[in-house]
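Student: First the structure, which I've put down as structure tokens, then a few questions once you've had a look.
The values are calculated or read from the model by the stated rules, or taken from the named source; none is laboratory data. Nothing here was measured: the structure is a model prediction, and the numbers come from that model. Note that each Cβ is placed from the backbone with ideal geometry, even for glycine, and that neighbours are counted across all protein chains shown. What goes into the accessible areas is simple: the full protein's heavy atoms, side chains included, and nothing from ligands, DNA or RNA. Shrake-Rupley method; radii C 1.70, N 1.55, O 1.52, S 1.80 Å.
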Amino acid sequence: MEIQVLEGALVEVPTADVSGMDRRAFGEFVGPHGELASYAFGWTTGSDPHVARLSIGIGAGNPGGGTFHAVIFANEDGHAFSLVDEPFERVPQGGPDLTADQSRAHEDLPFVWWVTDQVMQRDRRAWWMRHWLLGTSCIQAPEVFERDEPVLFVRHDADDASGS
């Protein structure tokens with residue numbers, strides 16, 4: 001069996017002051033040996049600080065199960081994670097919400113970080129979130145922006161002289 005990252009719902013709502021969008025993506029992870037985890041990540045456009053949130057749940061109903069919570073932020077040329085005490089989302093495979101200290105002491109923390117890396121690589125919404133975190137800029141035709149025409153070509157220039 002191979003690794004599966006099954007994208008679930010994407011919930012998008014305007015922020016209370018209508019200055020951005022609150023996005024939350026949900027999904028399920030199935031490991032190569034049938035290991036299960038649920039996840040949720042989210043970000044709010046227009047927010048300051050520029051930080052996303054993550055919840056990974058393992059072992060629902062089993063002793064030692066729990067839900068791990070982290071923030072995701074830009075770090076050097078990529079992103080990084082930091083465990084936090086504040087819960088972000090409830091997820092189906094999750095157990096009790098763990099604090100950052102409880103998460104650090106948990107025997108399954110390496111598995112949770114591995115799941116996190118797999119989700120960041122395989123969930124298309126995580127790619128969007130990463131581009132938001134890193135402030136990736138783009139140029140698009142008005143027809144694409146207005147959704148009158150599809151995107152037919154994407155190019156990345158390492159030295160595009162756009163200043164970003």
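Student: Roughly how many Å² of Asp77 are accessible to a 1.4 Å probe, to the nearest 10?
Tutor: Accessible area of Asp77: about 150 Å².
Student: How do 38-47, 115-124 rank on mean C-beta neighbours within 10 Å, highest first?
Tutor: 38-47, 115-124
Student: DSSP loop (so not H, G, I, E, B), at most 12 other Cβ within 10 Å: list which chymotrypsin sites (Phe, Trp or Tyr not before Pro) in segment 69-164 pass both filters.
Tutor: Phe153
Student: Taking all protein chains as present, what is the carbon and sulfur share of the accessible area of the chain, in % to the nearest whole number, probe 1.4 Å?
Tutor: Carbon and sulfur together cover 53 percent of it.
Student: To the nearest 10 degrees, how steeply does helix 109-122 sit against the main Cα axis of the chain, on a 0 to 90 scale?
Tutor: Value to nearest ten degrees: 30.
Student: Using the charge dipole of segment 88-141 (Lys, Arg: +1 at Cβ; Asp, Glu: -1 at Cβ; taken about the Cα centre), state which of Gly94, Trp132, Met120 has its Cα farthest towards the positive end.
Tutor: Trp132
Student: Hey, got the dipole for the chain? About the Cα centre, +1 on K and R Cβ, -1 on D and E Cβ, debye to the nearest 20?
Tutor: With only Lys, Arg, Asp and Glu charged at Cβ, the dipole is about 280 debye.
Student: Take the chain, mark every one of the GluC sites (Glu not before Pro) that falls in a DSSP loop and has at most 11 other Cβ within 10 Å, then report the longest stretch left between them, sites excluded. Walk me through the numbers on the way to the answer.
Tutor: Working: sites that count: Glu2, Glu76, Glu107, Glu146.
By the stated rule (loop sites, at most 11 other Cβ atoms within 10 Å), 3-75.
Student: Something else: Compute the angle between helix 124-134 and the longest alpha-carbon principal axis of the chain, please, reported from 0 to 90 degrees and rounded to the nearest 10.
Tutor: In the chain, helix 124-134 runs at an angle near 70 degrees to the longest axis.
Student: Still on this structure, I have one more. Nearest 500 deg cm²/dmol is fine: what mean residue ellipticity at 222 nm does the chain get from its DSSP H runs of n ≥ 4 alone, each adding -39,500 (n - 2.57), divided by its residue count?
Tutor: -6000 deg cm²/dmol
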